[in-house]
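The values are calculated or read from the model by the stated rules, or taken from the named source; none is laboratory data. Since the structure is predicted, the reported quantities are computational estimates derived from the model, not experimental observations. We place every Cβ from the backbone using ideal geometry, glycine too, and count neighbours over all the protein chains shown. Accessible surface is based on the protein model in full, side chains and every heavy atom, while ligands, DNA and RNA are left aside. Shrake-Rupley method; radii C 1.70, N 1.55, O 1.52, S 1.80 Å.
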Amino acid sequence: MTVHAQDLTPMMQDVAKALLGKPNDKFSRPRDGVFRFGSHGSIEVNTREGWFSDYEASVRGGVLELIKHKGGAKDDASAFRWLEERGIKDPSEPEGEKPSSIFYDYRDKDGRTVFRVERKQRGKDKTFLQHGPDGQGGFACRTGCMQGVKRVLYRLPELIAADPDEPVFYCEGEKDADRLTSLGLVATTHPGGAGKFDAVADCISQHLHGRRVVVLQDNDEAGAAHAIAGVEAIGRVAKEVARLALPGLPDKGDVSDWLENGGSGFELQSLAEAALLPIEPDPTLPAQIKATPYQWRDPETIPLRPWVFGRWLLRRTVAATVAPGGVGKTTFLAGAAMSLVTGRELLGKTVWDGPQKVWIWNLEDGLEDMERSIQAAALHHGLRREDVEGRLFVDCAMEGAGLCTAIDGSDGFKLIAPVYEQITAEIIKRGIDVLMIDPFVSSHAIEENANSLIDKVAKAWARVAHDANCVVVLVHHTSKQGAGNVTAHSSRGAVALTDATRSALVLNRMEEKKAQELGFDDSERKRYFSVGDDKHNRAPAEKADWFYLASVSLGNGPNGGDSVGVAVPAKLPDPFEDITVDHLRAVQSKVAEADWRENSQATDWVGKAVAEAVGLDLSKVSDKARIKSLLRTWISNGALRVVERKDHRSEVRKFVEVGSPA
């Protein structure tokens, strides 16, 4: 806590004389600035320290309190008027220059003030005084006042309560620590001036152990020495520590000067993240591992996770969407956006808490292409203007709305903090719930294989999601190497992006084998794709959802105009739909009547018996694929069995016979 007050100490002698008269010479000690008043000296006044104590009335305080106690003033304002009316002022004060003091309270882990630091300033001159307990519930600055007082870090309760993953800014003074705290950052310092880390060594060891600490360096020799000593002292126990010299500081400037000259809390946070370096553990240090007792909690009082869209998108997190080219990524995102803004389960996913606001920022397609996808989805689902208007926001790089959040040039890596700040402010202003950046690779100028740099960019987006209470969806392409199913680690470049996200939605086109099993031809296969969360670290794993690209005509020209794909939930054919035990018995009866081959190319393939028994048409590709699926299942569960024996030509062939009776 910081208390501002004008220093009235030099006025105490004149005030005491005006109110109390002549001091009692018998009990006074003028050389020490101590004067007693009254026949028994029951009122003590310390003119050097600016306090008085009326022992008979049990009243104690400074100049203003003495005026209120003996001068009849009702409050501070009337006490100041009393001084003005009598012309009492600081005799050493130059005209127009008033001294002032600021007090900084140092509190222990329980929030109790254990000592205070006074920053006393007159003009450009300033001094720092430590005030220890006076034994009467207050604090005083006197010889030996700090004897036996344990030094603690400034703002210790806030430091303990902060997220342990947040960087701690170690400043060279309380003023700077207060300034950073006002920006929502975690900041601390120690008493006694630059370099005095030994005085708080125990507190550093206990409360900065395992933390990520940035020691801020003032722009002078003392500041550099202080920061170097800080890194050495804190590095013994911290998880990560760094010395940060802020760019563009004036001579003798500090972080407060940097902020006054246009710096921001977001940029400072970014500079800190870029500066932090991991510290290898010192094997000579004793382990300081402590087990924290679990505090039992009624499960009904634990807040629900703030899901936004099914179990895919979680508020205050970053989600990745990974897809190969041409699978339907943009179409799927347009459908997801329409589902979110209307609050309807258009893709089969719950939209929690009703309609949401969505901001799509497309960095590779033009606005007209986006309009085609959005309006096609609206047509298919029967949506109207009023269902969407005011909740959907769309920007496209092709229309001039480019985006660059980080660069890595000749001056090194740099997060462009103002961009993140403006995006955060716009999201908060508009009340946006989901921001989609498509594609992520076009939103920065970083080598996409640089894991450490991509990690910093991803974490900057995570801060946006956290500060704006929204979901940030970063859309990423897959690498061109290899084939097979797409996973979270199939994304192009560094894996740091997907590693830093809470969910990773992967889109996969239907494989040829799956299509053959379902009886789909190649053109039909390409219309199907699946979406699944390949991380699902905030919800139980779910099966991938299947979607179908339905064709919608926009009616914007001859023959229906443009035909545009719309992602709709798909239910894949179930080979056993409407198949009963009676059908299986009929199949077994038919199989028992003759010799049937396993080979589907044979004229006496067992599939013919199945087709006849269950009423399917082998000339249809879908029915033939269904029969093959039925056979695989029945052979697997023993209802039918494959045996080898000689045919009529004495050649060994595989035949299908009845297994366990149904």
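For the range 375-419, the set of trypsin sites (Lys or Arg not before Pro) satisfying both a DSSP loop assignment and a count of at most 14 other C-beta atoms within 10 Å is given as Arg384.
Once the Cα-Cα distance is subtracted from the 0.36 nm per residue extended length, the Glu426 to Gln516 segment shows a gain of 27.5 nm. The fraction of accessible area contributed by carbon and sulfur in the chain is 48 percent, rounded to a whole number (1.4 Å probe; ligands and nucleic acids excluded). To the nearest 10, the accessible area of Ile432 is 10 Å² with a 1.4 Å probe. Largest first, the residues Asp595, Asp522 sort by 1.4 Å accessible area into Asp595, Asp522.
Pairs spanning more than 27 Å between alpha-carbon atoms, out of Lys357/Lys526; Lys120/Lys252; Lys109/Lys196; Lys526/Lys628; Lys26/Lys74: Lys357/Lys526; Lys26/Lys74. Under 13 Å from a label point 7 Å along Cα→Cβ of Lys654: give me every residue in the range 595-614 with its amide N that close. Backbone N within reach: 597-602, 606. Placing R0 at 56 angstrom, the Cβ-Cβ distance between Asp578 and Ala291 gives a FRET efficiency of 0.45 after rounding to 0.05.
Normalised by the number of residues in the range 196-353, the average gap of Cα pairs under 8 Å and 6 or more apart makes the relative contact order 17 percent.
Computed extension gain for Asn599 through Lys74, at 0.36 nm per residue and net of the alpha carbon distance, reaches 178.3 nm. Only protein heavy atoms count here; on that basis, with a 1.4 Å probe, Leu129 has an accessible area of about 50 Å². Beyond 16 Å, the tail of the calculated P(r) for the range 9-86 holds 44 percent of the Cα pairs. Semi-axis lengths, largest first, of the ellipsoid equivalent to the range 150-305 are 28, 20, 14 Å, with √(5λ) applied to each eigenvalue of the Cα gyration tensor.
Among the trypsin sites (Lys or Arg not before Pro) found in the range 109-190, those both in a DSSP coil and sparsely packed, with 10 or fewer other Cβ atoms within 10 Å of their Cβ, are Arg112, Lys124.
Taken about its Cα centre, the chain carries a charge dipole of about 1460 debye when Lys and Arg each add +1 at the Cβ and Asp and Glu each add -1 at the Cβ. Extension gain, Asp198-Ala225: 0.36 nm per intervening residue step, less the Cα-Cα distance, totals 8.3 nm. Per the Cα gyration tensor, the chain maps to an equivalent ellipsoid with semi-axes of 77, 28, 24 Å, ordered largest to smallest. Taking label points 7 Å from Cα along the Cα-to-Cβ direction, Thr633 and Leu129 give a separation of 8.9 nm. Over the range 581-658, all Cα pairs binned in 10 Å intervals from 0 give whole-percent P(r) values of 19, 56, 22, 2, listed from short to long. Given +1 at the Cβ of Lys and Arg, -1 at the Cβ of Asp and Glu and no other charges, the dipole of the range 581-658 around its Cα centre is 220 debye to the nearest 20.
How large is log10 of I(q)/I(0) for the range 307-569 at q = 0.10, 0.11, 0.16 Å⁻¹ when the intensity is taken from the Debye formula with one equal scatterer per alpha-carbon? Log-scaled intensity ratios, in q order: -0.49, -0.59, -1.28. Over 18 Å between Cα atoms, which of Lys514/Lys571; Lys513/Lys624; Lys329/Lys429; Lys414/Lys456; Lys89/Lys175 qualify? Listed pairs above 18 Å: Lys329/Lys429; Lys89/Lys175.
Pull out a ≥ b ≥ c, the square roots of the eigenvalues of the alpha-carbon gyration tensor of the range 341-408, then state rounded if a/c is under 1.5, prolate if not and a/b is larger than b/c, and oblate in the remaining case. It comes out prolate by the Cα gyration axes. Only helices enter the 222 nm calculation for the chain: every DSSP H run of n ≥ 4 contributes -39,500 (n - 2.57), and dividing by all residues gives -9000 deg cm²/dmol, rounded to 500.
At an R0 of 30 angstrom, the distance between the Cβ atoms of Asn449 and Ala245 translates into a FRET efficiency of 0.55. Summary of packing: across the peptides 26-34, 525-533, 335-343, the per-residue average of other C-beta atoms within 10 Å ranks them, highest first, as 335-343, 525-533, 26-34. Once the 1.4 Å probe is applied to the protein heavy atoms, the chain comes out at 52 Å² accessible per residue.
Select from the range 541-609 those trypsin sites (Lys or Arg not before Pro) which occupy a DSSP coil region and have at most 16 other Cβ atoms within 10 Å, ordered by residue number. Passing both the DSSP loop test and the Cβ count: Lys543, Lys571. When both bridge partners sit in the chain, DSSP labels roughly 65% of those beta bridges antiparallel.
Dividing the mean sequence gap of close Cα pairs (under 8 Å, 6+ apart) by how many residues the chain holds gives a relative contact order of 7 percent. Listed by chain and number, the aspartates and glutamates placed with their C-alpha closer than 20 angstrom to that of Lys646 are Glu593, Asp595, Glu598, Asp604, Glu657; residues fewer than eight positions away on the same chain are left out.
Per-residue SASA remark: His444, around 20 Å² accessible (1.4 Å probe; ligands, DNA and RNA not included). Residue ranking by accessible heavy-atom surface, 1.4 Å probe, largest first, among Leu180, Leu518 comes out as Leu518, Leu180.
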